[in-house]
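The values are calculated or read from the model by the stated rules, or taken from the named source; none is laboratory data. Remember, predicted model here, so these are calculated numbers, not experimental data. In this analysis, Cβ positions are derived from the backbone assuming ideal geometry, glycine residues included, and neighbour counts consider all displayed protein chains.
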Amino acid sequence: MRSVTSFLLLVLLLVGLASATIHFQETFEDGWKDKWVVSKWKQDEGTAGKFAHTAGKWYGDAENKGIQTSQDARFYAISAKFPAFSNEGKDLVVQYTVKNENKVDCGGSYIKLLPATVDQENFNGDSEYNIMFGPDVCGAQKRIHVIFNYKGKNYLIKKEINKVETDQLTHQYTLIVKPDNTYKVLVDNKEAQSGSLAEDWEMLAPKTIKDPNASKPEDWVNDKEIDDPEDVKPENYDDIPATIVDPDATKPDDWNEEDDGEWEAPVIANPEFKGAWKAKKIPNPAYKGEWVHPLVDNPEYQDDKNLYLYKNIGAVGFELWQVKSGSIFDNILIADSEEDATAFSEKNFESIQEGEKKMFEEIEEKRKAEEKQKLEDEKKKQEEAAAAEKEQHSDHEHSEADEEQELIKTQTGNKDEVKPPKAAKKVDHDEL
């Protein structure tokens with residue numbers, strides 16, 4: 001019996017693997033341009049950026065190239081089509097890698113899953129899409145977008161996904177949408193978020209709403225505490241002044257009333273003063289608690305078991321604005337199997353991580369050493385310039401002194417010994 005059960009499980013596994021489909025994969029090898037169309041968007045305005053085909057400045061494999069944004073403060077739009085499909089009844093996996101070589105400080109690095117009807121030559125920020133997914137950074141705000149188009153309107157995930165990698169190495173982002181209306185977001189194959197499409201997006205109207213026919217009763221008591229009616233203000237409480245004359249102050253010995261006026265001692269805060277009197281608070285016996293608006297079923301709510309479903313997926317693209325360029329996109333996979341995504345990741349992403357990191361660290365170490373040497377050379381250059389200027393100034397002073405001595409010799413006719421002239425006698429005005 002066990003052997004039969006094991007055989008059936010094996011058959012089901014094989015059938016499942018056989019039915020798995022990779023709809024699109026791209027590692028940007030030779031010939032990649034034949035599949036991709038660069039949009040004309042923003043070209044007339046001169047703000048359309050160009051993609052470069054490169055592995056970047058550091059890499060785990062020089063042949064593992066992607067497309068890189070190459071110009072700062074530019075719009076980028078590029079897309080590729082594939083045979084249209086529906087994800088009905090199947091998982092939908094969207095996966096790709098991005099490396100921000102220049103540390104993006106404001107710009108998107110997300111991918112868009114597009115309907116087959118997309119106009120590739122005019123693909124732009126207003127073009128309809130099915131899903132927008134990936135990191136977006138602008139200043140201190142860093143988040144992973146997951147936006148679904150539902151009945152013609154785009155809905156952003158309510159949860160925060162802050163697992164945005166901001167170093168300069170390659171990172172992989174994976175979105176898995178399941179036919180039971182659940183999802184997972186992975187970053188470098190580790191789960192960053194998961195949940196329900198119905199709960200984490202506002203695609204559906206809320207199940208319940210505040211009862212429009214209910215309102216807080218007019219006699220509802222909101223105050224938790226009241227003044228203690230037995231607490232009475234003490235007699236003469238209001239007679240206590242806020243300030244008093246400083247008892248330690250004395251008139252200065254040099255005070256002159258004719259010049260300084262009548263002396264008055266300064267005032268200080270009265271330690272006996274307690275401020276305006278307030279009665280003590282006690283629990284309000286009439287308090288009923290915070291009034292809660294009762295909820296009723298929302299007549300506009302309608303469940304949808306197909307929130308996950310897109311019937312005409314046929315393209316993928318990048319539509320971006322980047323202040324600082326240098327992002328390399330690569331290793332794109334659109335499939336219906338997590339196993340295929342894992343295998344694709346192992347081959348094209350995980351295999352390069354260690355080598356890329358090692359090369360990056362070597363380049364960084366060299367860069368820091370060069371910067372340090374540059375600073376030391378600049379400091380040495382400044383010190384040498386300062387020393388040369390000081391020496392030049394000293395030589396100039398000696399030269400002026402020699403010229404003065406020669407002039408005195410010429411005027412006195414004494415070429416053997418020259419004495420400095422005597423100071424002129426000071427003459428008082430009375431002697432003139």
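Quick notes on this structure:
- Scanning the range 340-371 for residues that are basic (Lys, Arg) and either closer than 30 Å to residue 90 by Cα or at pLDDT 90 or above (or both) gives 347, 357, 358, 366, 368.
- Residue 64 vs. criteria at pLDDT below 95, assigned to a loop (DSSP other than H, G, I, E, B) and buried (at least 18 other Cβ atoms within 10 Å of the Cβ): yes
- The residues listed here are 268, 282, 328, 334; of these, the one that is touching a His at 6+ places or on another chain (Cβ under 6 Å) and in a strand (DSSP E or B) is 334.
- Every pair of residues 6+ apart whose Cβ atoms lie under 9 Å, when the first sits in the range 102-113 and is closer than 23 Å to residue 333 by Cα and crowded, with 20+ Cβ neighbours inside 10 Å while the second is modelled with pLDDT under 95 and basic (Lys, Arg): 107/324
- Residues of the range 155-166 that turn out to be assigned to a loop (DSSP other than H, G, I, E, B) and in contact (Cβ under 8 Å) with a residue 40 or more places away in the chain, as a count: 4
- For the range 167-218, residues that are over 14 Å from residue 93 (Cβ atoms) and assigned to a loop (DSSP other than H, G, I, E, B) total 21.
- Residue, nearest to the chain's Cα centre (by Cα), within the range 159-189, restricted to residues that are farther than 26 Å from residue 57 by Cα and at pLDDT below 95: 162
- In the range 224-239, the residues that are of a type in the set (A, V, I, L, M, F, W, C) form Cβ pairs under 7 Å with partners that are assigned to a loop (DSSP other than H, G, I, E, B), at six or more places apart or across chains, as follows: 226/284.
- Taken over the range 206-231, residues that are under 10 Å from residue 293 (Cα atoms), charged (D, E, K, R) and touching a Pro at 6+ places or on another chain (Cβ under 7 Å) amount to 1.
Residues are listed down the side, and each one gets a yes or a no for (1) closer than 30 Å to residue 210 by Cβ; (2) at pLDDT 90 or above; (3) touching a strand residue (DSSP E or B) at 6+ places or on another chain (Cβ under 7 Å):
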| position | (1), (2), (3) |
| --- | --- |
| 239 | no, no, no |
| 249 | no, no, no |
| 261 | no, no, no |
| 265 | no, no, yes |
| 281 | no, yes, yes |
| 284 | yes, yes, yes |
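- Residues that are surrounded by fewer than 17 Cβ atoms within 10 Å (Cβ to Cβ) and either farther than 23 Å from residue 52 by Cβ or basic (Lys, Arg) (or both) within the range 71-90 comprise 83, 84, 86, 88, 89, listed in sequence order.
- Checking 313, 332, 352, 328 one by one, the residue that is within 21 Å of residue 112 (Cβ to Cβ), more than 25 Å from the chain's Cα centre (by Cα), of a type in the set (Val, Ile, Thr) and crowded, with 20+ Cβ neighbours inside 10 Å is 313 and no other.
- The number of residues in the range 139-154 that are modelled with pLDDT of 95 or more, in a strand (DSSP E or B) and charged (D, E, K, R) comes to 1.
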